Structure formats: C-alpha cells, structure tokens
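The values are calculated or read from the model by the stated rules, or taken from the named source; none is laboratory data. Note that the structure is a prediction, hence the values are computed from the model and not measured. A quick note on method: Cβ atoms are made from the backbone with ideal geometry, for glycine too, and the neighbour counts reach across all protein chains shown. Ligands, DNA and RNA are excluded from the accessible area calculation, which covers all protein heavy atoms including side chains. Shrake-Rupley method; radii C 1.70, N 1.55, O 1.52, S 1.80 Å.
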Amino acid sequence: MAGQTATWKDVLLGSLVESGQLTPKYNHTLNVSVEKTGDGAKIIAGLKDGTVCATMLVFTSTEIARVGRLSIVLTGENDAESSFMKFPNEADCKSAHTMLKELTHSDRKSVFTNRTDKDSATQYFQFYSYLSQQQNMMQDYVRTNTYQHAMLVNMADFSGKVVLDVGAGSGILSFFAIQAGAKKVYAVEASNMAQHCEALVKANGLADKIHVIAGKIEETKLPEMVDTIISEPIGYMLFNERMIETYLHAKKFLKPNGKMFPTEGHLYVAPFCDEALFQEQSMKPNFWCHTSFHGVNLTSLRESAFEETFKQPIVDTFHISSCLAAANKYPCDFLALNEQDLYVIDVPLMFTITTSGYIHGLAFWFDLAFKGSSETVWLSTSPMEPLTHWYQVRCLLQSPVYVHQGQNVSAHLTMRANSRQSYDVEISVSHPGTSVKSTNVLDLKNPYFRYGNQVIAPSLQANEVSPTEQYYASNGYHTNMVNTKPLPAHEQQVQNLANFTAVSISGGGPPINPGSIPSVGMNSHVNYRTSIGGGLAPTNFAQPAMAAASMGLSNQYMIGDYVAHSSTNSARH
C-alpha cells in the first residue's frame with residue numbers, strides 16, 4: 001500500500017456498543033499497522049507472524065476519539081458499533097491517534113482529484129454517461145464474452161462472495177458476477193451512467209444483490225471488505241486513461257488473498273517496418289508548404305505540423321510479418337502493483353532482428369490474464385488474434401533506423417503519466433556501440449485512427465500461456481520479459497475455452513466501422529459520425545444472437561473511444 005506506514009505492538013481490539021458494553025474481539029493482543037490510502041487510512045491487525053486477523057478502513061467521515069490515556073474509539077458514519085483499541089502505553093496511543101487524524105483530515109483531496117485535470121475529468125465522465133457509448137463497448141464481442149466466460153468458469157471465486165465492480169458503467173460485469181453466483185455486488189460508477197445502471201438492476205429484479213454506488217472509487221466508502229474485484233479499466237497501450245490506477249486503488253477494499261479480474265496485463269513491444277505508413281504520415285504536413293494559400297505563405301508552420309503529426313500514436317491493425325523481431329513483454333501483476341508504480345513506466349528493450357529492413361517505429365499490443373481458482377482465461381489484442389476495439393497501437397520514430405538480420409538492437413520506452421488521464425510516450429531505437437539513434441515523443445491522448453486492414457479469424461484452443469506467447473513459441477521465438485518489478489512465481493494454469501463461443505466472421509472485408517476520421521483508402525461515401533474511433537459492426541458476426549437484426553442495433557455504432565471533445569483527442573477503450 002502506498003504512502004506512510006506505522007505499526008504498534010500489543011494492542012487490544014474490541015467493539016463498543018451504544019449501551020456502553022465493551023467486548024474484546026480477541027483473547028490476545030495484536031500488532032496493529034496503519035497505512036495511508038488515497039482518501040484515508042487502512043488499519044490492519046495481525047499476529048506477530050504476519051497473519052492478518054482484521055482490517056478496517058478509516059475515512060474523513062470516521063469519528064476518532066481518545067478515551068483516557070491508552071485507548072482510541074473509532075465510529076464510522078453508519079456503524080451500529082464502534083471499534084476500540086487499547087495500547088500498552090500513552091506514547092503509542094497518542095502517536096496512533098495523531099496519525100489517524102492527519103490521514104483523515106477533511107481538507108485532503110482524493111487521489112483522483114489530485115492527479116486529474118478538472119476539465120479532462122468532466123469530459124471523461126460526460127462521455128461515459130451516454131448509453132450509446134456503453135453499447136459501443138458492450139458490442140465488442142471478444143471483450144464482453146471473455147469477461148463473462150472468465151467469471152463463469154471460475155465460479156469458486158464468485159459463488160457466495162461479495163464483489164466490487166470498479167467503473168461499472170452499464171453494470172454488465174456486475175450481472176456476470178451474479179450469474180457466477182455472487183452473493184452481493186457493489187457497482188461503483190462515477191458518471192451519470194450510474195442512474196441507468198440502477199434502472200437496469202431494478203428492471204432485472206436484482207436490486208437486493210447489486211448495490212449501485214454513484215461516485216469515484218477513490219472517494220467511495222463501502223460497508224464491508226470484498227472477496228473479488230472486477231473491472232474493465234483498460235485503454236490503448238494497456239495504460240491509457242489511467243483507470244488501472246483506480247483499479248489498483250480499489251484494493252483498499254480487498255480482503256487478504258482476494259481475487260482480481262483481470263489479474264495481470266502483459267504489454268508487448270516490437271519494432272516494425274511500414275514504409276507506406278511512414279510516407280503517409282510524412283506527407284500530411286505538406287499542405288503547410290503552400291507559399292500562397294489564398295495569398296498567405298504557410299511554410300513557417302510546416303515543421304510544427306510535421307512534429308504534431310508524428311506525435312500521434314496510430315491506432316490500427318497490421319500483419320505480424322511487419323514486425324522485424326519477436327516482441328518484448330512488460331508484465332504487470334495487478335495484485336502486486338501500487339498506483340505510484342504507473343506514474344512513470346520505464347521499459348528498457350532489446351531485440352534480435354529476424355528480418356533485415358528499416359525500423360519505422362515500435363508496435364504495441366497487450367494480453368490480459370484472468371487467473372481464477374479453476375482456470376486462467378486470456379483476452380488478447382495481438383495482431384494474430386481476433387480484432388477487438390482496442391486494435392493495436394504503433395508509434396513512429398522521427399527517422400527510420402536500418403537493421404540487419406541477426407543484429408541486436410536496443411530500444412527504450414518511457415511512459416510518463418499526465419493530468420489529462422493519459423501518458424506522454426518517449427521511444428528510442430539505437431545500435432549498441434554506435435551513434436545511430438532515433439527518438440520520438442508522442443501524446444497518447446491524441447491518437448490517429450487509421451483503419452482498413454484485414455481481420456484475423458478466431459482460433460479457439462486451450463493454452464497454458466498467453467496467445468502472444470503461444471504464437472512466438474510455435475515459430476521458434478521467445479519474447480524477452482522486461483520489468484523493474486518482476487511478477488511473483490505463480491503456477492500457470494491451463495486456459496479452457498471449451499465453452500467459449502466462436503466468432504465467425506462473414507464476408508471478405510474487415511468488420512470495422514470506419515469511424516469519424518477520414519483516413520487513407522476510405523470510400524468518400526462513408527457517413528462519418530461525431531464520435532471518434534471504430535468498432536466491430538454486429539452485422540459481421542454470423543451467430544444469430546450477434547446479428548444486428550436480432551439485437552436491434554445499428555451497425556454504425558462505434559466501439560467506445562473516449563474523446564476529449566470534437567477533436568481527434570481520444571483516450572478510451
């Protein structure tokens with residue numbers, strides 16, 4: 001847990017009811033630790049061997065009072081009884097009381113408020129308050145079906161459990177949790193979509209099981225700890241939107257040894273060669289070469305236009321053969337990570353070139369692992385797998401670097417979180433031992449959406465490793481794993497996809513809605529929408545359940561991409 005921590009030994013814990021009766025909770029003293037959370041503190045009581053016996057969250061609304069010289073009483077806003085702590089000496093009692101009061105001071109802002117620009121947050125939550133955008137995300141069949149499948153094949157992690165849904169949106173994941181046997185679900189949603197979510201819960205007769213809470217998870221109080229946390233916090237390049245930080249923050253409500261769905265995220269990085277893409281982007285600023293545009297000389301802005309164009313990450317899909325080396329893997333264990341670990345993501349890279357050519361930039365995709373008690377289920381955005389609304393992302397270098405087969409090439413990725421709920425992305429590629437080096441700095445908040453490539457047909461099999469790892473292994477390559485904070489050694493479980501419904505793509509072309517931004521090769525008759533992005537049109541799925549006619553959906557709807565306004569700014573999965 002982030003922030004300051006303090007521990008006191010030989011503390012007696014008890015409960016104090018309104019009648020004044022004091023009841024010890026344990027027949028022995030415990031070690032008590034207080035840890036800072038984003039909006040308060042977490043008290044952890046345990047044995048000397050580290051075994052956790054009890055946890056309690058303390059918020060700004062919690063009343064904290066000293067009783068005599070040795071004791072503290074804590075009363076939550078809606079608590080029927082108070083918690084009582086008796087310390088072995090006055091110094092310990094006084095220091096614990098002081099720390100708890102400081103950490104719960106009412107003037108403190110939440111972690112989300114401190115890290116987020118106000119205008120960015122307003123636009124972000126406004127975007128997700130529209131039912132059309134929820135529909136767009138729900139219509140990503142691979143995404144939605146994988147989440148449901150992961151929960152239903154791991155019912156042991158949900159049956160009779162208390163579940164927290166972080167950023168619940170329409171509440172679809174909460175419904176899946178109930179289908180998997182959850183006793184209770186707290187669905188926390190910060191946008192006005194919370195009202196629609198509550199209406200949907202009531203209409204489905206689940207108001208007694210799904211409790212919708214309108215608010216940010218960083219500013220929310222729950223009446224109890226939870227067994228499992230579920231969320232879909234993923235953006236482009238895995239980390240965009242910075243919602244994974246919110247997902248990690250929610251661990252303050254997670255019981256010891258609780259589960260998180262998803263459990264891990266693996267970011268893959270590979271050098272790519274695409275001369276057509278590089279030339280396409282290079283020529284865009286040529287408009288500013290006009291020496292007499294309606295009598296105005298525009299050439300002084302050409303260089304700025306070039307820099308602006310190359311600052312845009314490109315969201316599209318590509319063939320894996322354009323990658324000149326096996327990808328490096330940057331694994332993230334959501335159970336082990338803290339929010340602060342994602343403020344600066346620094347990834348050294350090393351590639352062994354398999355095909356000679358020019359490196360025009362670095363390509364990115366990710367795999368998600370849902371590691372349940374029964375099975376591990378994977379969701380992949382790899383270019384070798386069925387297309388999702390995340391597509392893949394490519395970041396161009398300002399100048400290409402030529403490489404030979406068998407050559408070792410070093411590269412570097414640094415992602416710096418910004419207040420616009422996104423990242424500034426720094427990339428570099430160099431020849432070790434030489435002065436050859438190319439760099440670029442990109443704005444992940446402002447990607448360029450470029451669609452039009454073919455979609456890979458689904459291939460459903462049970463895998464012991466992620467789809468990306470399986471692909472490279474079948475071709476005799478291995479990914480390099482890079483991480484400054486290695487994953488714990490978990491035993492890999494076999495992914496069972498026996499009940500996973502296959503998606504059958506019909507027709508010869510890619511089932512991609514062209515979105516709102518005209519890009520190279522698009523037909524001029526396309527009716528562009530006001531939202532940014534692209535999605536899988538439901539008419540391209542062969543299953544009757546997925547057909548547009550039976551769903552009553554328009555194939556013009558896009559899978560949701562958060563836009564910062566009517567510009568090309570975008571940041572949502």
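Treating r as the C-beta distance of N257 and D119 and R0 as 35 Å, the FRET efficiency rounds to 0.30. Full extension of the chain between T355 and A276 gives 26.7 nm of extra length, using 0.36 nm per residue less the Cα-Cα distance. Heavy atoms of the protein chains alone define the surface here; on that basis the range 46-155 has 49 Å² accessible area per residue at 1.4 Å probe size.
If only the Cβ of Lys and Arg carry +1 and only the Cβ of Asp and Glu carry -1, the dipole of the range 185-312 around its Cα centre is close to 360 debye. Packing around the peptides 128-140, 172-184, taken as the average count of other Cβ atoms within 10 Å per residue, puts them in this order, highest first: 172-184, 128-140. Residues whose amide H falls under 5 Å from that of Y448, counting only those 5 or more places apart or on a different chain, are I314, V315, with hydrogens built in the peptide plane.
Taking T29, T246, T55 and ordering them by how much accessible surface each has at a 1.4 Å probe, largest first, produces T29, T55, T246.
Test of understanding: what is the full-extension gain from S474 to A80, defined as 0.36 nm times their sequence separation minus their Cα-Cα distance?
135.9 nm
Evaluating kT/(6 pi eta Rh) at 20 °C and 1.002 mPa s, with the Kirkwood radius of the range 215-305 over Cα pairs in the Stokes-Einstein relation, gives 119 µm² s⁻¹. Measuring between alpha carbons in the structure, the pairs from K94/K216; K36/K109; K25/K255; K311/K445 lying more than 22 angstrom apart are K94/K216. For the range 251-256, the Karplus equation 6.51 cos²θ - 1.76 cosθ + 1.60, evaluated at θ = phi - 60°, returns couplings of 5, 5, 9, 8, 5, x Hz by residue, with Gly and Pro reported as x. Sorting S374, S83 on solvent-accessible area from highest to lowest, probe radius 1.4 Å, gives S374, S83. For the range 383-399, 3J(HN,Hα) computed residue by residue from phi via the Karplus equation (6.51, -1.76, 1.60; θ = phi - 60°) reads x, 8, 10, x, 5, 10, 6, 7, 6, 10, 10, 10, 10, 7, 7, 6, 9 Hz, glycine and proline entered as x. The order of E218, E102 by accessible area, most exposed first and with a 1.4 Å probe, is E102, E218. Taking amide H positions as modeled 1.01 Å from N, with prolines and chain starts lacking one, the residues under 5 Å from S399 and 5 or more places away or on another chain are T439. When the alpha-carbon atoms of the range 299-441 are used, the pair Rg, Dmax equals 16.9, 63 angstrom. For the range 271-287, the Karplus equation 6.51 cos²θ - 1.76 cosθ + 1.60, evaluated at θ = phi - 60°, returns couplings of x, 10, 10, 8, 4, 4, 5, 4, 5, 4, 5, 5, 7, 4, x, 5, 3 Hz by residue, with Gly and Pro reported as x. Starting from a Cα-only point model with no solvent, please compute log10 I(q)/I(0) by Debye for the range 125-216 at q = 0.10, 0.13, 0.24, 0.26 1/Å. Values returned for q = 0.10, 0.13, 0.24, 0.26 Å⁻¹ are -0.23, -0.39, -1.24, -1.35. The heavy atoms of H431 offer some 30 square angstrom of accessible surface to a 1.4 angstrom probe. The heavy atoms of E77 offer some 120 square angstrom of accessible surface to a 1.4 angstrom probe. Under a 5 Å amide H cut-off, with hydrogens placed 1.01 Å from N, T479 pairs with nothing among residues at least 5 apart or on other chains.
Compute the Rg to Rh ratio over the range 343-427 from the alpha carbon atoms, using the Kirkwood formula for Rh, and round to two decimal places.
1.04
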